[in-house]
């Protein structure tokens, strides 16, 4: 279910996955079909449509939208057992997950932990304001406050607006801040960040959720120093990783050369995972499919290996998160010879477990650190041959 502009990356990934599954014989000789239902971007309408779908006993539902739209249907999902994969929304942070929900979106609580460490420990920001849009903004503000306090900082204030609302009136409430934590959909995040930047002669640092990456595929509209959180295998940058390069090439073929916005792999992995278990489950959906989904171990499609379990319904990992930054004029613009010209660069010191040594998967370490050998300690982030690697004292911008 999706049809809004912010949903496009997820849908393109889903369609590519369905094409590949059907080219390989479908599910037991039958084609995999994706039925699109437009909710008009209205959570109440999405809840209504999904309620109707559940009465028809679908094999699974993929929902692109805010997590709270699923909450009123908890008992219906429980009765049907139908698994629902949530893309773009977050029920983890608000503790609203229920057994039938599997989430591709990185929980905001995890992202806020990375952003808070960066702002408080690395950048020494003192006056930090939260600016959020949409139905999940209030719980996101609470999570940001808790994570800033964990690192010894504090949230100076929070302002939230409904999804799609003009952010002009929030500008005065963030004026004078050292940093603004920007939360919302791709379009809302970009509108808020742009409005905040344009309204000040000394604009604050923008630290955003992963959606901002998807809002800026192409030339940057925000200044150097802006950061957003995601895994290091983000499709907008990690082309040297063979599995990511293969996904990017396939997506370019399916979209006539269009550069990925950065979140297509979530839609792709969701469909490929469902297809994998539908094949193993002889086409059975519903509760039977939900049960076998919890047995996912080291499934590898576009980016990160997928591991699920009875107590782990998250597609992406918690430990390999870091920040991407819009590079400054002194940063290398190409991470490798002949590489992408994406405006975002991985800020390598944030992809560490202790601020010094990297936490990249062993299978990918030699791409960033060619000298690294198996069973050796994680290398220091500044030894990476890609990304932004300057140390904080030498890097006033990032």
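The calculated FRET efficiency for residue 282 paired with residue 121, based on their beta-carbon distance and R0 = 45 Å, is about 0.30. Here the label points at residue 256 and residue 24, each 7 Å from Cα along the C-beta direction, are separated by 2.8 nm in the simple model.
Pairwise inverse Cα distances across segment 108-209, averaged and inverted, put the Kirkwood hydrodynamic radius at 13.0 Å.
When DSSP beta bridges are restricted to pairs lying wholly in the chain, around 35% turn out antiparallel.
Dividing the summed helix terms, -39500 (n - 2.57) for each DSSP H run of n ≥ 4, by the number of residues in the chain produces a 222 nm estimate of -9500 deg cm²/dmol to the nearest 500.
Over segment 197-264, the fraction of Cα-Cα pairs per 5 Å bin, rounded to whole percents and listed from the shortest bin up, is 3, 16, 23, 22, 15, 10, 6, 4, 1.
The modelled label-to-label distance for the pair residue 292/residue 166, using points 7 Å beyond Cα in the direction of Cβ, is 5.3 nm.
Taking the Kirkwood radius as Rh and the Cα radius of gyration as Rg, the chain has a ratio of Rg/Rh equal to 0.96. Between residue 38 and residue 201, the simple spin-label model (points 7 angstrom out along Cα→Cβ) gives 4.7 nm. Rounded if a/c is under 1.5, else prolate if a/b beats b/c, else oblate: with a ≥ b ≥ c from the C-alpha gyration tensor eigenvalues square-rooted, which is segment 123-171? It is oblate, given that a/c is not under 1.5 and a/b is not larger than b/c. GNM on the chain, alpha-carbon springs under 10 angstrom: the most fluctuating residue among 209, 139, 189 is 139. If you take the Cα centroid of segment 270-329 and the Cα centroid of segment 64-90, the two points sit 17 Å apart. I need the shape label for segment 241-323. Rule: rounded when a/c is under 1.5, else prolate if a/b > b/c, else oblate, with a, b, c from the alpha carbon gyration tensor. Oblate, because a/c is 1.5 or more while a/b does not exceed b/c.
Can you order the peptides 266-275, 23-32 by their average number of other Cβ atoms within 10 Å per residue, highest first? Walk me through the numbers before you get to the answer.
Details: 266-275: 25.2, 23-32: 12.5.
In descending order of packing, they fall as 266-275, 23-32.
I need the fraction of alpha carbon pairs in segment 11-121 separated by more than 22 Å, rounded to a whole percent. When all Cα pairs of segment 11-121 are counted, 42 percent exceed 22 Å.
We did not get these values from a lab; they are worked out from the coordinates using the rules stated. Just so you know, these numbers come straight off a predicted model, no measurement behind them. Quick reminder, even Gly has a Cβ in these numbers, built from the backbone with ideal geometry, and neighbours come from all protein chains shown.
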